[in-house]
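To start, the structure under review is shown below, and the notes come after it.
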Amino acid sequence: MRGEASRIADRVSRDSLAPRLRDTGEDAWRIGNELFSITNVLDHNVRLERALTDPSRPVADKVTVLKALLGDVAHPMTMEIMTDLVDRKWSRARDIANAVEDFGVDAMMYYSDATDTTLKVSVELAKLHSALLTLPVLRSKLYDATVPAEARVKLLDSVLEDSGLNKVTKRLAEHATCNLRGRRYLSTIQWLINKYSRHMGESMITVTTATPLTDEQIHKLIDIYSAKVGRRVHINSVVDASVIGGMRIQVGDEVTDNTVVAQLQKLQRTVKAQA
């Protein structure tokens, strides 16, 4: 959990720089990649994080550290973002890396907007999440911290090689395994799905069924939940044969479970209670 100072710093910085980052258009691809690289560097260098967040250190000194780190190769917008972040107060030194990562994802979303692929990336992330649910061995390897990051990325690339995924989807999927940041792989993918969903002004409705939903079912669910939440929703269809039948529908933290397996479990608890 981030402290209040860090949450404020992250939110205010991103809100203030969002228009400028959005206006970079297709340059946002380069900026996002640079910010992901910086996140990785910060995560592996506690002393650097402390140097950039030390409230007693003049901002000019911190900018000097940044210039030594980034040199003259970074995009001007990347440097502007980092300069803004080191000028803010942080609850903990490591929180600045979280903020840099947030900016990196924002940049990727703005690049998606500039290339008219935002919905495509969102759908592809949802499909990737659904596919990995049925591949427990693969996803466990993708967040195995004992395996070098290069090996994890190589494994992922071998799986996605012929997938035809948009390059933003692939880059986000690579980031999730390249820099684990103490998270499980699927948790990071779900986090990215949620960020894209909020970015599009939609809500992500996760529907788990034993067999794939039909187009008619998807359209009906979209109509029902769009009316319920008051804005357009996107359906994240998850196939899990273990639920046997019915649907499990998750809207945020609210879960409605009408699957066969849930009903059997409920019946079993009732029988035990009456025994």
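The values are calculated or read from the model by the stated rules, or taken from the named source; none is laboratory data. Everything numeric in this text was worked out from a predicted model, so none of it was measured. Note: ideal-geometry Cβ built from the backbone for every residue, glycine included; neighbour counts use all protein chains shown. These accessible areas exclude ligands, DNA and RNA; they are computed on the full protein's heavy atoms, side chains included. Shrake-Rupley method; radii C 1.70, N 1.55, O 1.52, S 1.80 Å.
Over 28 Å between C-alpha atoms is what I'm after, so list which of 120/154; 67/89; 220/272; 141/195 land there. Working shown, then result.
Values: 120/154 24 Å; 67/89 20 Å; 220/272 37 Å; 141/195 24 Å.
Among 120/154; 67/89; 220/272; 141/195, the Cα-Cα distance tops 28 Å for 220/272.
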task = With runs of 4+ DSSP H residues as the only contributors, calculate the mean residue ellipticity of the chain at 222 nm using -39,500 (n - 2.57) per run, divided by the residue total and rounded to the nearest 500.
result = -21000 deg cm²/dmol
note = When every protein chain stays in place and a 1.4 Å probe is rolled, 259, 115 sorted by accessible area with the largest first are 115, 259
inquiry  = Contact order normalised by length for segment 232-275, with contacts defined as Cα pairs under 8 Å and 6 or more residues apart; what percent is it?
reply    = 28
Proximal aspartates and glutamates relative to residue 62, as straight alpha-carbon distance under 15 Å, when same-chain residues fewer than 8 apart are discounted = 49, 54, 80, 84, 87
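Compute the accessible area per residue over the chain, keeping the other protein chains in place, probe 1.4 Å, unit Å². Don't skip to the end; give the middle numbers.
Details: 14470 Å² over 275 residues.
Accessible area per residue: 53 Å².
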query = For segment 132-222, which GluC sites (Glu not before Pro) are both in a DSSP coil and crowded by at most 16 other Cβ atoms within 10 Å?
reply = 161
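Could you please state how large a percent of the accessible area of segment 18-103 is carbon and sulfur, counting protein chains only and using a 1.4 Å probe?
Here carbon and sulfur together make up 49 percent of the probe-accessible area.
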ask   = Whose amide H sits under 5 Å from the amide H of residue 54, counting only residues 5 or more places off or on another chain, with H placed in the peptide plane?
value = none
message = Can you give the log10 of the normalised intensity I(q)/I(0) at q = 0.18, 0.26 Å⁻¹, computed with Debye over equal Cα scatterers of segment 202-274?
response = -0.71, -1.15
message = Cut-off 10 angstrom, C-alpha nodes, Gaussian network model of the chain. Which of 146, 39, 64 fluctuates the most?
response = 146
key: Percent accessible area from carbon and sulfur atoms, segment 202-274, protein chains only, probe 1.4 Å   = 53
